[in-house]
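First comes the structure, then the notes that go with it.
The values are calculated or read from the model by the stated rules, or taken from the named source; none is laboratory data. Just so we're clear, the structure is a prediction, and the values are computed from it rather than from any experiment. Cβ placement follows ideal geometry from the backbone for every residue including glycine, while neighbour counts extend to all protein chains displayed.
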Amino acid sequence: MYLTKEEERIYDGELGWTKQVCMKILVKLGELFDGERLIPIDSAHISGVSYKTLGEAPTDFLEALAKANEKTKVEATLNPQSFDPEHLRKRLPKQLLQKQLDILQIFERMGFKQSYTCTPYYIREPEKNSHLAWAESSAVVYANSVLGAWTNREGGPSALAAAIIGKTPDYGVHKAINRKPKILVEVDSPIKEEVEYGALGIFLGKILKDKIPIIKGLGNTSEENLKQLGAALASAGMTNMFHYKDSKLKGERLEKISVKANEIRKAIEELTTAPKQKPDLVFVGCPHCSLNEIREIANVVGGKKVRDNTEFWVCTSCHVKEKAKSYVQKIEASGAKVITDTCAVVTWTDKLGIETIMTNSAKTAHYAPTLNKANTILAPLKECLKTALKE
Ligand code: F3S
């Protein structure tokens, strides 16, 4: 890889061993994937923030970076952590919270934004064609496919190194040639609901592996539906982006597959594992809700009450919650909780006595049986609301 004089000095350790390690991570990645140089990034987004998913993985390097007074060189946001300060803090074991707070404090010292969301693009939308180093897979697919920004799917350490150095190696989808569709997916019958988009994502993720598809037949759909599709696609496979506008086809001859209505139906059925239809928790907001989604929920919830013995969580970022104050009031007056900074997957639902989760997110339904030891019911938002609320 070509390095500038300044990059070489960092690589040789002239600016300290912590920066040197970060530079070595980036160069190693570049060499592995035929990167030619490092390119400046507009922002970084770090995963592996929740103590529940991080567990006892060593945080020594993180601590060493903070001790060496390393700071983020670019805007750097953080993925959800493991508790909500308002609603879950008192319900979870103290020693787990303390471990989590210790991790958050290290990130804070290094200048990371206390965003704790998987939808950093609702805080600041990255510019079209800007280069990013993001590590949350759902946000990576959304940034590449819907927002037109350019980011590989980083791991926690490489996104961290990129945040400190302010650069990333130019391989993968940072190169225009690698962003072209490799396979044409024709969706045979119209799909409308968010769970169908999610189920399509899980179905395609399993068969595409890392191939970039162009998906025909989605019509003029909402960005929220595309968010569900991307999150599920990235959960079940390694694809980092999809195309959905016919104009991207440009007469190319591609391998073709079609997806039939019964295959999407079957994927939805398989994502429901609960033997009974009575959930302990109804959870929406995976990925974290947009302002539009919060408004839509508030309009249905207004004046109603959450059923006894059922929890209803609407997860979003504190940034969106702040902007949605009047809707939040309406939702919370029903007994529902607008949860920030975390989600049902990255907090300890099992420690809260939750055995069955109903959700409109295929990503959550895909992960919850293993990560939460929970049974799942995948259903569209209107059914989730009907189940959560009294008539
Ligand atoms: Fe976000 Fe949690 Fe889903 S981190 S993408 S809401 S699993």
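Can you find a residue in region 356-366 that is more than 14 Å from the ligand (Cβ to nearest atom), among the hydroxyl-bearing types (Ser, Thr, Tyr) and modelled with pLDDT of 95 or more?
The answer is yes, given that some residue of region 356-366 is more than 14 Å from the ligand (Cβ to nearest atom), among the hydroxyl-bearing types (Ser, Thr, Tyr) and modelled with pLDDT of 95 or more.
I'm trying to understand the selection: among the residues of region 278-302, which are assigned to a loop (DSSP other than H, G, I, E, B) and either at pLDDT below 95 or within 16 Å of the ligand (Cβ to nearest atom) (or both)?
Step one: filter region 278-302 for residues assigned to a loop (DSSP other than H, G, I, E, B), giving 278-280, 285-290, 302.
Within region 278-302, LYS278, GLY285, CYS286, PRO287, HIS288, CYS289, SER290, GLY302 meet the criteria.
Only one residue in ALA57, ALA68 is more than 28 Å from THR4 (Cα to Cα), away from the ligand (no atom under 16 Å from the Cβ) and of a type outside the set (Lys, Arg). Which one?
Of ALA57, ALA68, the one residue that is more than 28 Å from THR4 (Cα to Cα), away from the ligand (no atom under 16 Å from the Cβ) and of a type outside the set (Lys, Arg) is ALA57.
Quick one: would you say LEU204 is buried (at least 17 other Cβ atoms within 10 Å of the Cβ) and either among the hydroxyl-bearing types (Ser, Thr, Tyr) or within 16 Å of the ligand (Cβ to nearest atom) (or both)?
no
If you scan region 108-140, which residues turn out to be among the aliphatic types (A, V, I, L, M), within 12 Å of the ligand (Cβ to nearest atom) and closer than 17 Å to SER290 by Cα? Outline the logic, then answer.
First, pick out the residues of region 108-140 that are among the aliphatic types (A, V, I, L, M): 110, 123, 132-133, 135, 139-140.
If we keep only those that are within 12 Å of the ligand (Cβ to nearest atom) as well, we get 135, 139-140.
Residues satisfying the conditions are ALA139, VAL140.
Checking the conditions here, which among GLU196, GLU223, GLU186 is within 16 Å of the ligand (Cβ to nearest atom), farther than 30 Å from TYR51 by Cβ and among the charged types (D, E, K, R)?
Values: GLU196 fails: within 16 Å of the ligand (Cβ to nearest atom); GLU186 fails: within 16 Å of the ligand (Cβ to nearest atom).
Criteria check complete, one pass: GLU223.
Checking VAL27 against (1) under 30 Å from LYS99 (Cβ atoms); (2) surrounded by fewer than 22 Cβ atoms within 10 Å (Cβ to Cβ); (3) among the β-branched types (Val, Ile, Thr), only one condition comes out false. Which one?
(1) is the only condition that VAL27 fails.
LYS373 fails exactly one of the following numbered conditions: (1) without any contact (Cβ under 8 Å) to a residue 24 or more places away in the chain; (2) within 11 Å of the ligand (Cβ to nearest atom). What is the number of that condition?
(2)
Restricted to region 23-53, and to residues that are in a helix (DSSP H, G or I) and within 16 Å of the ligand (Cβ to nearest atom), which residue is farthest from ALA368 (Cα to Cα)?
That would be TYR51.
Can we say LEU92 is of a type outside the set (D, E, K, R), within 16 Å of the ligand (Cβ to nearest atom) and touching a residue at least 24 places away in the same chain (Cβ under 8 Å)?
In short, no.
I need the full set of residues from region 49-82 which are touching a residue at least 40 places away in the same chain (Cβ under 8 Å) and either in contact with a Cys (Cβ under 7 Å, 6 or more places away or on another chain) or over 20 Å from ARG109 (Cα atoms) (or both), in order please.
Across region 49-82, the qualifying residues are LYS52, THR53, ASN79, PRO80.
Go through region 30-49 and count every residue that is more than 13 Å from LEU3 (Cβ to Cβ), surrounded by 15 or more Cβ atoms within 10 Å (Cβ to Cβ) and not polar (S, T, N, Q).
Number of matching residues: 7.
Among the numbered criteria (1) closer than 30 Å to TYR11 by Cα; (2) under 14 Å from the mean Cα position of the chain (by Cα), which single criterion is violated by ALA163?
Failing condition for ALA163: (2).
Would a scan of region 114-128 turn up a residue that is in a helix (DSSP H, G or I), over 21 Å from the mean Cα position of the chain (by Cα), modelled with pLDDT of 95 or more and surrounded by 14 or more Cβ atoms within 10 Å (Cβ to Cβ)?
No, every residue in region 114-128 fails to be in a helix (DSSP H, G or I), over 21 Å from the mean Cα position of the chain (by Cα), modelled with pLDDT of 95 or more and surrounded by 14 or more Cβ atoms within 10 Å (Cβ to Cβ).
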